[in-house]
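K.L.:
My questions all concern the structure below.
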């Protein structure tokens with residue numbers, strides 16, 4: 001990922017490594033197909049390029065294929081949400097735009113849209129955490145976070161989609 005990749009039109013999908021087993025392809029062709037074959041779409045709302053790249057790289061190492069999209073500003077997120085159609089949102093709280101990440105989630109939920117939210121922020125103040133908790137996030141990760149914690153939160157968020 002380079003800086004030119006940092007916009008709402010860029011997606012990446014993590015792919016599984018092909019099996020070295022010669023019969024694996026034949027078995028895969030005959031295996032029943034899952035009902036929904038599309039990779040879950042994970043939207044990263046993060047205005048700092050290096051952090052967005054780091055999060056995106058961590059998601060590419062997740063154990064299931066993901067469609068990853070990055071937006072830089074809250075207004076990009078709110079204005080394009082129907083087109084972006086995320087399954088899970090990774091939201092920075094201190095974003096450029098007319099509102100912060102918590103306000104953006106409140107706005108999105110008030111419009112009737114609902115999907116799992118994972119906050120990823122450097123803001124560890126209790127008042128911010130309390131504001132975020134009002135939006136019922138799946139997780140609240142403090143930067144710098146461990147990749148394993150991100151994967152655990154994402155697993156929890158994706159499980160909510162299956163309920």
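All of the numbers you see were taken from the coordinates with simple rules; none came from a lab. Keep in mind it's a predicted model, so treat the numbers as computed, not measured. Cβ sites come from the backbone with ideal geometry, for glycine too, and all protein chains shown count toward neighbours.
K.L.:
What is the gain in length, in nm to one decimal, between residue 126 and residue 147 on full extension, counting 0.36 nm per residue of separation less the C-alpha to C-alpha distance? Kindly include the intermediate steps, with their values, before the conclusion.
P.N.:
Details: separation 21, 0.36 × 21 = 7.56 nm, distance 2.33 nm.
Result: 5.2 nm gained on full extension.
K.L.:
Using only the alpha carbon atoms of the range 73-115, find the Kirkwood hydrodynamic radius as the inverse mean reciprocal pair distance, in angstroms to one decimal. Please list the in-between numbers first.
P.N.:
On the way: mean 1/r = 0.0967 Å⁻¹.
It is 10.3 Å.
K.L.:
Still on this structure: Sorted by average packing, counted as other Cβ atoms within 10 angstrom per residue and highest first, what order do 38-44, 124-130, 78-84, 138-144 take?
P.N.:
Details: 38-44: 19.6, 124-130: 11.0, 78-84: 14.1, 138-144: 15.9.
The packing order, highest mean first, is 38-44, 138-144, 78-84, 124-130.
K.L.:
Could I ask something else about it? Can you give me the Cα centroid spacing of the range 95-163 and the range 50-78 in angstrom?
P.N.:
14 Å
K.L.:
Same structure again: In nm, what is the difference between 0.36 nm times the number of residues separating residue 51 and residue 114 and their Cα-Cα distance? Write out the running numbers ahead of the final one.
P.N.:
Numbers: separation 63, 0.36 × 63 = 22.68 nm, distance 2.50 nm.
Taking 0.36 nm per residue and subtracting the Cα distance, the gain is 20.2 nm.
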